[in-house]
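Shown next, in structure tokens, is the structure this report addresses.
Read-outs throughout are calculated quantities, based only on the coordinates presented, and are distinct from any laboratory measurement. What you see is a predicted model, and the numbers here were worked out from it, not measured in a lab. Here the Cβ positions follow ideal geometry from the backbone for every residue, glycine too, while neighbour counts run over all protein chains shown.
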Amino acid sequence: MLNELILELKQKNVHLYLQDGKLRCRGLPSVLSHNLKTALQEHKTELTEYLIKAQTLFYFLLHSIGYGS
């Protein structure tokens with residue numbers, strides 16, 4: 001379910017990000033339907049963990065190739 005939700009958000013140009021450790025999203029209000037907002041709430045913890053892992057991997061890769069030293 002999480003992969004499908006992420007794909008739907010990407011298709012609707014909704015961007016997820018972390019701000020001060022909290023899950024935030026940016027997108028047109030017209031695409032954030034009630035069902036989509038409900039799905040975001042239901043999967044908030046999983047989405048936050050996903051973004052933390054992705055961010056950690058990104059920084060690891062940057063450092064492994066010499067950026068951000």
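Just to verify a result, which residue in segment 26-69, among those that are of a type in the set (Ser, Thr, Tyr) and assigned to a loop (DSSP other than H, G, I, E, B), is farthest from Leu2 (Cα to Cα)? Among those that are of a type in the set (Ser, Thr, Tyr) and assigned to a loop (DSSP other than H, G, I, E, B), it is Ser69. Within segment 9-25, being outside any strand (DSSP E or B) and loosely packed, with under 14 Cβ neighbours inside 10 Å holds for Lys10, Gln11, Asn13, Asp20, Gly21.
Scanning segment 21-52 for residues that are under 12 Å from the mean Cα position of the chain (by Cα) and of a type in the set (Asp, Glu) returns Glu46, Glu49.
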